[in-house]
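These notes concern the structure reproduced below.
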Amino acid sequence: MSIGISDDGKLFTIDTENTSYQMKVTSQGHLIHTHYGRRIYGDASINLERKDRGFSQNPTPEKKLRDYSIDYLPLELSGFGSGDYRTSAVTIMNGDGSTCFNPVFEGYELKKGKYSIEGLPTFATDNAETLVITLVDKASQVRARLFYSFLQEKDIITRALEIENDGDKDIRILKAMSTSFDIAYGDYDLISFPGRHCYERVENREHVSWGCKRLGSTRGYSSHQMNPAFILAERNTDEENGEAIACALVYSGSFVAEVEKSQYGSFRVQIGINDEAFSYPLAPGECFRGPEAILSFSAEGLDRLSYNLHMAARENLIREIPDRKHRPVLINSWEGCYFDFSAQNIIDLARDAKTLGADMVVMDDGWFGKRDDDFSGLGDWYVNEKKLKMTLGEMVERINKEGIRFGIWFEPEMVCEDSDLYRAHPDWALTVPGRTPSYGRSQLVLDFSRKEVRDNIFEQMSRIMDSANIEYIKWDANRHISEFFSRGAEDQGTTGYRYMLGLYEFLEKFKNRYPGVILEGCSGGGGRFDYGMLHYFPFIWTSDNTDPIDRLSIQRGTSFFYPPETMGCHVSASPNHQDGRETPFFTRCATALTGTFGYELVPSRLSDEERSIMKWANEYNRSNWEIISKGRYHRLSDPEQDDYYAWMIVANDGSKAILHTVSKTNHGNNRSVSIRLRGLDEKAWYRIGENVVSGSVLMYSGMLIPDRKGCYEAGIFIIEKVE
Ligand code: GLA
């Protein structure tokens, strides 16, 4: 049994392999959080002090409860307006206009199997139980149900929140955090992953001081600007040592994460749908279901935390992946051709792809409707045969004849005003009547909360899909939502949430209709890189920035929560189109090779030497795919602070590892660089090139990286165990 419940039904302990998560019902019926960390045996509430504290409200006027206040108790779910002044997990506007919500314990249920949430993606396992704790606000008869489950070996706790109106008046949910709990003691750093377009998810570590730190996105999508995932780490926690808690939301829309250090030094930790512009009406008998949140705890530093999260994403989140054995190495037409191509250019790319050992060519933006630039055409998913100079079917047939597979780009959720679709249905865009909308890349967002909109796009896409042998789709979304206004809704406070439900429903339907098609996620690069998307897209275009040096920080930051094979990584031309930096071809390969690999260039423009590196690289990615997609990833430095980034991935059976190093700079008379490796067997011996070295030397003394001869030099090392 991994969920332990005391005989009196008041103490709940969820144990995973190395961790315990514990809650208790107090004398007054509040559910308090007593522990999340290493495995414990017994009741941890003994660690909490009851005290008469000034300006902390009590539940009764009686003297004997002067020492009881939810203002300082570590709560498992706090409601606004009943004496807890920290940021609330749930805020309700009641039928009588009050905003009080005082959730107290009503009962629990223990169920076989892990819960799922209708309409929303979740982690899944056959090997778990679900604990459902019901809390009720007695005056309004509004119930909050907390769902808990776990992934035993990965030290992951999952949680979801449901709110049901069992009263007789309409209410409104103004805030509903998917997970929330208080840590009574400690001193923590908050590690978050902020960024911007072309510089996503770069690690940011800061000390948590007094007050409430809010991270989030109000953009309708999880965003480039802040990832829906963060880590709370003890101050001295590093990659290998110390305690840390990871928290993430399985959702792709607007979110908020809050960490509040309270007056007595406790910490409230929560994540959920962003409460800005969120207001969910609930009539009597109705129920709201929020997205899932996940937590993981490691007492062995951040490296272990990432391993837990990587294995959970791989085995419990990402749906069935076609081509699990090896993902096709592809050439994407975007940075090579932009909007300027005909079918012949794509066929030429395919021919070259074949001679160079790639598997697929992907025709990016520009093949449909009226689309020679990014001012028109989105919404019109019919092939522009005048531009291509042949039908799609013919073109794909010729590509397949070269022995190359074919993929295509779509941006299904968007529309340009200059399109047939918009001219026919201007009300299908998320705009407000009487207001000039804001434009992103000259486009508007389609109202995916409406079924007729989804059905139209689905039908258009299916017509294309059925007309040719399309084996891969790159699914883009190149702006964020600004006007959360659906012409199909009576209540606008739910538009953002219902948009996401609509999108997930569409993806579910699409996956079922085209189960063999590989889906790559994208939103101007990594604008929607989250666990919700990963459920449907086994990998996501990491960033529109393909500069291999900027990519070091982007990919490193991404690796905290997301495994390497979920990152789309391509080699592009030099000078780089985003920042003009010139880098060696081998360096571009070294940076990209540990992800889902490909190119954004025209190979015929490469030198012979570069073409031969390309052949080698394709084979390298293929032959090491097992390690990349299943192994344990280790971050060995920080390119935001060090001169270089080094990372390695070790096969799960320990027989082999790959180590990549890329330097960001160079100096005259350089100092030597030695890197301590991780994840090897200290007692074993390893072959690296000509040398045979012991695991203990490589991990505890270090490995010398050969002297750099130029800027941006890279190394790739194969480390094989010697039997
Ligand atoms: C986005 C993507 C790019 C490319 C363009 C096409 O920016 O991230 O890779 O597909 O759209 O318009």
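Just a few scattered comments:
- Failed item in (1) touching a helix residue (DSSP H, G or I) at 6+ places or on another chain (Cβ under 7 Å); (2) within 16 Å of the ligand (Cβ to nearest atom); (3) of a type outside the set (Lys, Arg), with residue 507 passing the rest: (2)
- Boolean, residue 22 is modelled with pLDDT of 95 or more and either surrounded by fewer than 22 Cβ atoms within 10 Å (Cβ to Cβ) or in contact with a Lys or Arg (Cβ under 8 Å, 6 or more places away or on another chain) (or both): no
- Of the listed requirements (1) buried (at least 23 other Cβ atoms within 10 Å of the Cβ); (2) more than 20 Å from residue 9 (Cβ to Cβ), residue 135 misses just one: (2).
- Taken over region 355-367, the residue count meeting the criterion of being within 15 Å of the ligand (Cβ to nearest atom) and touching a residue at least 40 places away in the same chain (Cβ under 8 Å) is 6.
- Scanning region 419-448 for residues that are of a type in the set (A, V, I, L, M, F, W, C) and either surrounded by fewer than 13 Cβ atoms within 10 Å (Cβ to Cβ) or within 28 Å of the chain's Cα centre (by Cα) (or both) gives 424, 429, 430, 444, 445, 446, 448.
- For region 567-595, the set of residues classified as more than 16 Å from the ligand (Cβ to nearest atom) and either closer than 30 Å to residue 512 by Cβ or in a loop (DSSP other than H, G, I, E, B) (or both) consists of 574, 575, 580, 581, 582, 583, 584, 593, 594, listed by residue number.
- Pairs linking a residue in region 407-428 that is more than 21 Å from residue 505 (Cα to Cα) and within 16 Å of the ligand (Cβ to nearest atom) to a residue that is of a type in the set (S, T, N, Q) and part of a loop (DSSP other than H, G, I, E, B), with Cβ atoms under 9 Å and 6 or more positions apart or on different chains, are 416/376; 416/442; 418/376; 418/442; 419/376.
- Long-range neighbours under 7 Å by Cβ, at least six apart or interchain, first residue in contact (Cβ under 8 Å) with a residue 24 or more places away in the chain and of a type in the set (S, T, N, Q) within region 105-127, second crowded, with 19+ Cβ neighbours inside 10 Å and in a loop (DSSP other than H, G, I, E, B): 122/250; 122/292; 125/114
- Taking region 491-529 as the range and being basic (Lys, Arg) and either part of a helix (DSSP H, G or I) or free of Cβ contacts under 8 Å to residues at least 60 places away in the same chain (or both) as the test, the residues that pass are 498, 509, 511, 513.
- Residue match in region 547-558 (condition: within 19 Å of residue 471 (Cα to Cα), within 16 Å of the ligand (Cβ to nearest atom) and crowded, with 24+ Cβ neighbours inside 10 Å): no
- Pairs where the first residue, in region 530-543, is within 13 Å of the ligand (Cβ to nearest atom) and the second is assigned to a helix (DSSP H, G or I) and of a type in the set (S, T, N, Q), C-beta under 7 Å, 6+ apart: 540/566; 542/555; 542/558
- Meets criteria (over 28 Å from the mean Cα position of the chain (by Cα), modelled with pLDDT of 95 or more and either at negative phi or not in a helix (DSSP H, G or I) (or both)) for residue 455: no
- Yes/no for residue 442 being more than 16 Å from the ligand (Cβ to nearest atom) and either of a type in the set (S, T, N, Q) or without any contact (Cβ under 8 Å) to a residue 60 or more places away in the chain (or both): no
- Candidates are the residues of region 376-385 that are touching a strand residue (DSSP E or B) at 6+ places or on another chain (Cβ under 9 Å) and over 14 Å from residue 456 (Cβ atoms); the one that is farthest from the ligand (Cβ to nearest atom) is 383.
- Considering residues of region 651-667 that are under 23 Å from residue 550 (Cα atoms) and not hydroxyl-bearing (Ser, Thr, Tyr) only, the residue surrounded by the most Cβ atoms within 10 Å (Cβ to Cβ): 662
- Residue within region 567-575 that is closer than 20 Å to residue 335 by Cβ and within 14 Å of the chain's Cα centre (by Cα) present: yes
- Some residue of region 303-311 being at pLDDT 95 or above, more than 30 Å from residue 164 (Cβ to Cβ) and part of a strand (DSSP E or B): no
- The requirement of being more than 23 Å from residue 532 (Cα to Cα), at pLDDT 95 or above and in contact with a Pro (Cβ under 7 Å, 6 or more places away or on another chain) is satisfied by residue 360.
- Tallying residues that are surrounded by fewer than 17 Cβ atoms within 10 Å (Cβ to Cβ) and not charged (D, E, K, R) within region 706-723 yields 5.
- Strands (runs of 3 or more DSSP E) completely within region 609-717 that count 3 or more residues being aliphatic (A, V, I, L, M): 644-650, 656-663, 703-705
- Filter result (away from the ligand (no atom under 16 Å from the Cβ), in contact with an Asp or Glu (Cβ under 6 Å, 6 or more places away or on another chain) and not hydroxyl-bearing (Ser, Thr, Tyr)) within region 449-500: 453, 487
- Some residue of region 35-50 being free of Cβ contacts under 8 Å to residues at least 40 places away in the same chain, in a strand (DSSP E or B) and under 20 Å from residue 180 (Cα atoms): yes
- Count of residues meeting criterion [over 23 Å from the mean Cα position of the chain (by Cα) and either of a type outside the set (A, V, I, L, M, F, W, C) or outside any strand (DSSP E or B) (or both)] in region 129-159: 10
- The selection criterion, being under 30 Å from the mean Cα position of the chain (by Cα) and under 27 Å from residue 619 (Cα atoms), does not hold for residue 348.
The values are calculated or read from the model by the stated rules, or taken from the named source; none is laboratory data. These numbers come from a predicted model, not from an experiment. All Cβ positions, glycine included, derive from the backbone under ideal geometry; neighbour counts span all protein chains shown.
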